[in-house]
Amino acid sequence: MKVLVFGAGRMGYGVVYDLIYNSEVESVMVADRFFDKASAIARKIGSEKVSACQVDVSNSEEVVKLMKEYDVAVSCVDYWHNLRLSEAAIEAGTHFCDLGGNIFVVERQLKLNEKAKQAGVSVIPDCGLAPGMVSILAVHGAKDFDKIERIHIRVGGLPQNPKPPLNYQLVYSVEGLINEYVEPARVIRNGEIVEIPSMTEIEEIYFEGFPPLEAFQTSGGTSTLPETFFGKVKELDYKTIRYAGHCEKFKTMIDLGLCSNEPLTIDGQRIVPRAFFTRLLEKKLPCDEPDLVLVRLDFIGEKDGKEKHLRYEIVDKFDEASGLSAMMRTTSFPASIIAQMMAKGEVAERGVTPQEKVIDAEKFIAEMERRNIKMKQLLLS
């Protein structure tokens, strides 16, 4: 099994780590626009199975040529490259998955379904944490019901030692964070797919051993789930978990225009507020400190004529032994697992498909637990 990993950031490193230390691979290539970053991962992993190369993912000809040498490719680069990379994978005849994060890009990827089928290629978008892991868990939990009415998904990446003013640290790209906060959330309400403004519908949420938390609407987390569950549930939604008070503070900055892409001219200088704000967050917010990831899925429905409330819960923390953050583990490990399933022929269907429709949930959960990402199942009624 030969695997190509695009992107030498945190998540790229996490995927390579998993492929080398938790899997059986013949070789792994780390490809990045900056060779120094790619080679740094290879050196840090310290395995002769890992090599590095320089590639610009916007150069389709170069990417196709590289992809042809591998059984499967994993994208850990910014989401806006994933459509082009999907097209390249189809041309190269190489299976492909990505970390996703933007439903508008995924919708365009799904339109490549017939081309991928004709090429005998499997393309699976959105294979990280949320969307990603939670989508597979959603389908897995729903199967325990005769009739499923509501699915509520709550996920958050948090610092173990929160610091004011936002009690948040950067666990992935700022661009991705802002997108989640400003774009609308797609949910199912009263059996219909609707859009809800992000940073709304704040609710209190409690995890044992943690201080007060809140959850609020954000975009992206449901991905293709509204279509998958359309006609099957009355309600389905996704909210992001943060320490209490975070939403109000960040939403104030959004309302002031700091996340706007509309340019301003100040003293003769053209400034884009969002770009400026992004740099400020990158400079001011902590990163690479011990973190944790909280995941909760609540399923409400009927089983054997009785009301049933099932809860899935995951609490994962920074792993000192590997040096991997909880966000790296819960985002990059799912992508690595799915890529391996594709390369091994465990994903039989060809085309561009949502992971919740083609991934064996039992095998996936077993692989996550083998990596010490453990899920509790609680029967609440």
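Just a few scattered comments:
- Considering residues of segment 345-365 that are more than 22 Å from V105 (Cα to Cα) and out of contact with any Asp or Glu (no Cβ under 9 Å at 6 or more places or on another chain) only, the residue modelled with the lowest pLDDT: A348
- Criterion (free of Cβ contacts under 8 Å to residues at least 24 places away in the same chain, surrounded by fewer than 20 Cβ atoms within 10 Å (Cβ to Cβ) and at negative phi) met by exactly one of T228, T200: T200
- Just one residue in the set E195, E201 is over 22 Å from L137 (Cα atoms), of a type outside the set (G, A, S) and not in a loop (DSSP other than H, G, I, E, B); that residue is E195.
- Filtering L281, L297 for residues that are farther than 17 Å from Y168 by Cα and either of a type in the set (A, V, I, L, M) or buried (at least 20 other Cβ atoms within 10 Å of the Cβ) (or both) leaves a single hit, L297.
- Residues that are in contact (Cβ under 8 Å) with a residue 24 or more places away in the chain and farther than 28 Å from F276 by Cβ within segment 175-195 comprise R186, V187, I188, R189, N190, G191, I193, listed in sequence order.
- Which numbered condition A89 misses (of (1) buried (at least 20 other Cβ atoms within 10 Å of the Cβ); (2) within 22 Å of Y312 (Cβ to Cβ); (3) in contact with a strand residue (DSSP E or B) (Cβ under 7 Å, 6 or more places away or on another chain)): (2)
- The listed residues are Y168, Y172, and the only one of them that is closer than 24 Å to Y312 by Cβ, in contact (Cβ under 8 Å) with a residue 24 or more places away in the chain and of a type in the set (F, W, Y) turns out to be Y172.
- Of all residues in segment 224-278, those satisfying the criterion of being more than 16 Å from I178 (Cβ to Cβ) and among the charged types (D, E, K, R) are E227, K232, K234, E235, D237, K239, E248, D267, R270.
- Qualifying residue in segment 164-181 (condition: in contact with an Asp or Glu (Cβ under 9 Å, 6 or more places away or on another chain), over 20 Å from G101 (Cβ atoms) and crowded, with 18+ Cβ neighbours inside 10 Å): no
- Filter pass, T278 being assigned to a helix (DSSP H, G or I) and either in contact (Cβ under 8 Å) with a residue 24 or more places away in the chain or of a type in the set (V, I, T) (or both): yes
- Condition broken by S60, with the remaining ones in (1) over 20 Å from the mean Cα position of the chain (by Cα); (2) closer than 25 Å to S322 by Cβ satisfied: (2)
- Looking only at segment 109-154, and only at residues there that are of a type in the set (D, E, K, R) and buried (at least 18 other Cβ atoms within 10 Å of the Cβ), the one that is nearest to L83 (Cα to Cα): D126
- Subset of segment 303-320 [farther than 18 Å from L380 by Cβ and assigned to a strand (DSSP E or B)]: D316, K317, D319
The values are calculated or read from the model by the stated rules, or taken from the named source; none is laboratory data. All figures in this text were calculated on a predicted structure; none of them were measured in a lab. Neighbour counts are summed over all protein chains in view; Cβ atoms, including those assigned to glycine, are modelled from backbone coordinates with ideal geometry.
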